[in-house]
Amino acid sequence: MKVNFPHVFRPITLRSMTVRNRVVMMPMGSDFAGHDGELSDEHIRYYELRARGGTGLIIVENICVKYPEGSNGTTQLRIDKDSYIPRLFNLTEACHRQGACIGIQLNHAGASAMSSRIGMQPVSASTLPSKPGGETPRPLSREELEAIAKDYGIGAKRAVNAGFDLIEIHAGHSYLISQFLSPTMNDRTDEFGGSAKNRSRFCRMVIDQVRAAIGPHVPISLRLSVDELVAGGNTIEDCLEYLEYLQDEVDLFDTSAGLNPTIQYQIDANYLEDGWRAYMAKAVRDRFHKPTIAIGNIRDPQVAEDILARGMRTLSDWAGG
């Protein structure tokens, strides 16, 4: 396999993390978490088996940094208390024993939360819902945004204490940070709305809090809806513009697509061809010269090899190993 797919099986180093190959298990909801946000034995085993199978980097499904306000489901992991650290440590140790690196995706649902679940009005950048027919959220004040950014930092510190090798910040898919980045959900007229710089300000606050909490050695990944694929939403060029204000502390770009109204591009419909999102990863990589993840339908390993081979020829300087 390594002979047939040399780029797929080539290691890569990001800060203090060296991944054994380019195979990444993306964060995907499993519904294995308990209603208290705790990891179950089944959940740990689920990820351990993926590590045993040879995955280089596992990014655990999105975990709630502020409960209940930021919760996006009844079976979502939580990291808003120190009491969650021991079970998370059991998970990272299980995957490390199998030779995999492991990251975790920090998230706040914002307007994608449901009042029937969280017991309060959802919050967001503005009063625009995250999907057609969705609930009307309450705009957050600057003081609240500063507090939530600190929640991300505290959650990131807990994750590092639990043994995670990478912290991913979810800034796509119509969750809270995405609600600030996208003009379809942000009509503010203050310092957090309008221009690309202003709409990226909250994400910048989160990144800064996370970096301050975890120090210089742990890599940060940023998940994005690079092309929102909705009318009036961010295009690739729009994304590249706002990333100018975010990219300096980011080590890895996780290049997804779509918002709630275009969920078929978040969770690939079966009819979409293998590797169809690779153009988004290439656009981000070519602009910022940093590693990117091309995600979605890549069922044929030859497609993955071809994507990586094209990238290697234009950007070999960041390939570790």
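The values are calculated or read from the model by the stated rules, or taken from the named source; none is laboratory data. If you're wondering where the values come from, they're calculated on a predicted model, not measured in any experiment. All Cβ positions, glycine included, derive from the backbone under ideal geometry; neighbour counts span all protein chains shown.
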Search the stretch 136-192 for residues being outside any helix (DSSP H, G or I) and basic (K, R), and hand back the single one that is surrounded by the fewest Cβ atoms within 10 Å (Cβ to Cβ). R138
Sort through S116, S130 and tell me the only one that's out of contact with any Phe, Trp or Tyr (no Cβ under 6 Å at 6 or more places or on another chain) and assigned to a loop (DSSP other than H, G, I, E, B). S130
Select from the stretch 180-199 the residues that are hydroxyl-bearing (S, T, Y) and either free of Cβ contacts under 8 Å to residues at least 40 places away in the same chain or on the phi > 0 side of the Ramachandran plot (or both) and list them in ascending order. T189, S195
Count - residues of the stretch 108-126 that are farther than 14 Å from C64 by Cβ and either within 18 Å of the chain's Cα centre (by Cα) or touching a residue at least 60 places away in the same chain (Cβ under 8 Å) (or both): 4
Scan of the stretch 193-216 for residues that are touching a helix residue (DSSP H, G or I) at 6+ places or on another chain (Cβ under 6 Å) and among the acidic types (D, E), ordered by number: none
Lone qualifier among I63, I58 - being closer than 12 Å to G103 by Cα, touching a helix residue (DSSP H, G or I) at 6+ places or on another chain (Cβ under 9 Å), touching a residue at least 60 places away in the same chain (Cβ under 8 Å) and crowded, with 18+ Cβ neighbours inside 10 Å: I63
Just to check your reading of the model, which residue among E168, E135, E143 is under 24 Å from L229 (Cα atoms) and without any contact (Cβ under 8 Å) to a residue 60 or more places away in the chain? E135
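Here is a yes/no grid of residues against (1) without any contact (Cβ under 8 Å) to a residue 12 or more places away in the chain; (2) more than 18 Å from Y67 (Cβ to Cβ); (3) assigned to a loop (DSSP other than H, G, I, E, B); (4) not β-branched (V, I, T):
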| residue | (1), (2), (3), (4) |
| --- | --- |
| F5 | no, yes, yes, yes |
| F9 | no, yes, yes, yes |
| T13 | no, yes, no, no |
| R22 | no, yes, yes, yes |
| M28 | no, yes, yes, yes |
| A33 | no, no, yes, yes |
| L39 | no, no, yes, yes |
What is the residue count in the stretch 33-74 for residues that are under 16 Å from P122 (Cβ atoms) and aliphatic (A, V, I, L, M)? 1
Taking the stretch 157-182, which residues are in contact with a Cys (Cβ under 8 Å, 6 or more places away or on another chain) and of a type in the set (A, V, I, L, M)? L166, I169, A171, I177, L181
Being crowded, with 18+ Cβ neighbours inside 10 Å and without any contact (Cβ under 8 Å) to a residue 60 or more places away in the chain is the filter here, so list the residues in the stretch 275-286 that pass it. G275, R277, A278, M280, A281, K282, A283, R285
For residues that are part of a helix (DSSP H, G or I) and crowded, with 22+ Cβ neighbours inside 10 Å, tally how many sit in the stretch 244-264. 0
Flagged pairs (Cβ under 8 angstrom, 6 or more apart or on separate chains; first in the stretch 303-315, farther than 10 Å from G275 by Cβ; second modelled with pLDDT under 75 and among the charged types (D, E, K, R)) are none
Limited to the stretch 205-243, what total is found for residues that are assigned to a helix (DSSP H, G or I) and either over 26 Å from L128 (Cβ atoms) or not hydroxyl-bearing (S, T, Y) (or both)? 17
